[in-house]
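No lab work stands behind these numbers, since they all come straight from the coordinates. This is a predicted model, so every value here is computed, not measured. Here Cβ is always computed from backbone atoms with ideal geometry, including for glycine, and neighbour counts include all displayed protein chains.
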Amino acid sequence: MVIGILASFFLASGGADSDIAGIWMTQKQDSKIEISRSPDGTYTGKIIWAEAPHESFVGTVVMKGVKYDPGNGDYICPWIYDPRINVTAHAYITLNDSVMKVKACKGLITKQELFVRESGTGEDR
């Protein structure tokens, strides 16, 4: 779910590095992740809502240390986590309007997922 959420890291071009901050719905619409700027200038993402049977994942940090790469116009995520399968990986994230594409890599395995920006608070669906 999270690797599907955050491991589905993106392809496209992004604007300013602050564009990634916000609430993002997974492609399957079974969970939401809130990405916020950390005091050190990187971004962190955590699950703020999940459907059954994954409600226990709410509050779990699923990405950290995310930095904008102005040279490529995308984001580099050195740590992304999928609590459903207890796997960590690194990822590349690309923004295209209100769609975030996450491409997670672990060894030779790559997984990609799309997220859609939410306009509300993310507390309700």
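Of the strands (runs of 3 or more DSSP E) lying entirely inside the stretch 10-113, those containing at least 3 residues that are among the β-branched types (Val, Ile, Thr) span 43-50, 61-69, 87-96. Within the stretch 114-125, if we keep just the residues that are in a strand (DSSP E or B) and either among the basic types (Lys, Arg) or in contact with a helix residue (DSSP H, G or I) (Cβ under 7 Å, 6 or more places away or on another chain) (or both), the residue that is farthest from PRO53 (Cα to Cα) turns out to be ARG117. Taking the stretch 68-96 as the range and being in contact (Cβ under 8 Å) with a residue 24 or more places away in the chain and either out of contact with any strand residue (DSSP E or B) (no Cβ under 9 Å at 6 or more places or on another chain) or surrounded by fewer than 16 Cβ atoms within 10 Å (Cβ to Cβ) (or both) as the test, the residues that pass are PRO70, GLY73, ARG84, ILE85, ASN96. When the stretch 20-60 is filtered for residues that are among the hydrophobic types (A, V, I, L, M, F, W, C) and either surrounded by 14 or more Cβ atoms within 10 Å (Cβ to Cβ) or closer than 14 Å to ARG117 by Cβ (or both), the ones remaining, listed by number, are ILE20, ALA21, ILE23, TRP24, MET25, ILE33, ILE35, ILE47, ILE48, TRP49, ALA50, PHE57.
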